[in-house]
DNA sequence: GCTTTTCCTTGACAACTGTCCAAGATTCTT
DNA sequence: AAGAATCTTGGACAGTTGTCAAGGAAAAGC
């Protein structure tokens, strides 16, 4: 009897938790969009609420405070972003194909998800000032590094050679290129972006022996 | 007579302008320190004034508005930062010396001027959201690129070869490394920074044929 | 259908923001 | 030394911020 009651209560509790979590991520997504639009410095709770279908008060029902909310939004970002190149790696049969499709995807997400990417860089930078972001940022950064490494090490494999640098260096090189391309993309300088696109294959080749 | 009066007035006017400019840069420097300490998102005019010897009202006597003030501070930053490696280049007589001294200077300023550097990245990122910063940011970025190029092209010359990539790619590669090293430095992970230091010479060699 | 729990809105709060201004303090001119 | 120009202060302003709580709306449980 108690067992039945328990499992029933459990089911109820679980359902409530699920619902709670669902709404949390829903609000976190709204937060993500607001952050991507305005940047960290200008994002307020009322603005976030306006990008959702709720009023601003509800945010404190689902989140302890603003930091909690933004942290959750950052985690949402990670879910979106970190496996982007995996299918490219999976379907590649020749080094040339892998390189070309990687470059294509690279510049595709650059313009497609530009606001999300600038948000990521904004938050990573925020972590230079606010230590409470650092753990999450470092974790995401390491996932991005691993993602890049899967591409480059596979590329080296296909070319029957080895990467020329460590995962860390490989990552920061490509990330540096991405960051600058993003700046010029948002500054509306397509020529510069095109130039960088032209150079990227050469850089990739530089990254393997 | 009018001429004498004019030149005298001119002198007075010039002195006033000089004084005005001197105080402007004085306040811009205070702004720079505040920004480096708190980051863009948390820097207020009253906080800036507290880092100077004046009250907050004076800022609007010397600057049109907050943007004007911050823009001036950014220009101050540039004056500090953009010729850092020039003497290293000037005194280098062998490729090994140039490379070693560059690496040393690289990691020296990383820890010495860490807060200033994080400010730079903060403002560069801010320009992804606020177009009114972009012109200044792009200009400073191009100066940084030129600075790095002077080092690498000279290094190639000393080694009797050529740079392997364009100035832009060369810059973003080293800047990406710097940025990540800065993150780990501020996160208090000296091991990671040391690792990156160990790898930097190899990267430099990768950047020339 | 009624009660209890969960969810959401609304308005208030204190603190903080950029901006402006009146009036005092300081410096310069004559 | 007196008057004029310049500089600086400190307070007021309107608007925004994160936070919270009282109470209504909706849903769930019985």
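Quick notes on this structure:
- Put simply, of B:89, B:74, B:148 the only residue that is within 13 Å of chain A (Cβ to nearest Cβ), part of a helix (DSSP H, G or I) and surrounded by 14 or more Cβ atoms within 10 Å (Cβ to Cβ) is B:148.
- Checked against (1) within 16 Å of DNA strand D (Cβ to nearest atom); (2) surrounded by fewer than 18 Cβ atoms within 10 Å (Cβ to Cβ); (3) modelled with pLDDT under 95, residue A:82 passes all but condition (1).
- Some residue of the range B:34-44 being more than 14 Å from chain A (Cβ to nearest Cβ), modelled with pLDDT of 90 or more and surrounded by 18 or more Cβ atoms within 10 Å (Cβ to Cβ): no
- Answer residue from the range A:45-69, given it is crowded, with 18+ Cβ neighbours inside 10 Å and in contact (Cβ under 8 Å) with a residue 40 or more places away in the chain and is nearest to DNA strand C (Cβ to nearest atom) among those: A:62
- Scanning the range B:92-110 for residues that are within 19 Å of residue B:80 (Cβ to Cβ), surrounded by fewer than 22 Cβ atoms within 10 Å (Cβ to Cβ) and touching a helix residue (DSSP H, G or I) at 6+ places or on another chain (Cβ under 6 Å) turns up B:105, B:107, B:110.
- Checked against the criteria, residue A:102 does not count as part of a helix (DSSP H, G or I), away from DNA strand D (no atom under 16 Å from the Cβ), at pLDDT 95 or above and within 14 Å of another protein chain (Cβ to nearest Cβ).
- Of the residues in the range A:115-130, at least one is modelled with pLDDT under 95 and part of a loop (DSSP other than H, G, I, E, B).
- Filter result for residue A:169 (over 18 Å from residue A:119 (Cα atoms), facing chain B (nearest Cβ under 9 Å) and in contact with a helix residue (DSSP H, G or I) (Cβ under 8 Å, 6 or more places away or on another chain)): yes
- Considering residues of the range A:175-194 that are without any contact (Cβ under 8 Å) to a residue 40 or more places away in the chain and in contact with a helix residue (DSSP H, G or I) (Cβ under 7 Å, 6 or more places away or on another chain) only, the residue nearest to the other protein chains (Cβ to nearest Cβ): A:176
The values are calculated or read from the model by the stated rules, or taken from the named source; none is laboratory data. What you see is a predicted model, and the numbers here were worked out from it, not measured in a lab. Positions of Cβ are generated from backbone atoms using ideal geometry, with glycine treated the same way; all protein chains shown enter the neighbour counts.
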